[in-house]
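To start, the structure itself, in structure tokens.
Here, each number is a calculation from the coordinates, and none is a lab measurement. These numbers come from a predicted model, not from an experiment. Here the Cβ positions follow ideal geometry from the backbone for every residue, glycine too, while neighbour counts run over all protein chains shown.
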Amino acid sequence: MATRTPEEVFAHHGQALGAEDLEDIVADYSDDAILVVQKKVYRGKDGARQVFTQLLADVPQAQWELETVFADDVLYLEWKATGGGRKVEDGIDTFIFEDGMIRVQTVVYTVGPA
């Protein structure tokens, strides 16, 4: 099977996030993934599960706005989300892809009232 491109991985990630399918989100992360979220380090699929459990609780049933810049195996993402009476207007992530999976992700965002 051909390895997915970063664009393909992120397209799936976006679909899974929009569907709020936690296990489908986690499936895109490598077993040794590193996520640095709000200055805390999370590792592997369990770490990704913790991160997205929190994010989906912060802005449930969110409407997402995404702006992406791909450069080889790196993705720079600026995002906004509104849901559950709350909003994020300053989300900034960086992804590093390896072998068709998300290997590294950094995330910072602020939740406020919608």
**Item:** FRET E, pair residue 3, residue 49, Förster distance 25 Å, beta-carbon r, rounded to 0.05
**Value:** 0.60
**Request:** Report the FRET efficiency, 1/(1 + (r/R0)^6), for residue 92 and residue 23, where r is their Cβ-Cβ distance and R0 is 35 Å, rounded to 0.05.
**Result:** 0.85
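For n ≥ 4 DSSP H runs only, could you compute -39500 (n - 2.57) per run for the chain, divide by its residues and tell me the 222 nm figure to the nearest 500?
Working: 3 runs with 34 residues, N = 114.
So the calculated ellipticity at 222 nm is -9000 deg cm²/dmol.
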**Rg/Rh for the chain, where both radii come from Cα atoms and Rh is the Kirkwood radius** = 0.94
**Message:** Can you give me the angle between helix 6-19 and the longest principal axis of the chain, using Cα atoms only, in degrees from 0 to 90, rounded to the nearest 10?
**Reply:** 40 degrees
**Prompt:** Which length gain, in nm to one decimal place, applies between residue 110 and residue 70 when the Cα-Cα distance is subtracted from 0.36 nm times their residue separation?
**Reply:** 12.0 nm
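Express in nm, to one decimal, how much length is gained between residue 12 and residue 38 on full extension, taking 0.36 nm for each residue of separation and deducting their alpha carbon distance. Please report the intermediate quantities before stating the final value.
Working: separation 26, 0.36 × 26 = 9.36 nm, distance 2.36 nm.
So the chain would gain 7.0 nm between residue 12 and residue 38.
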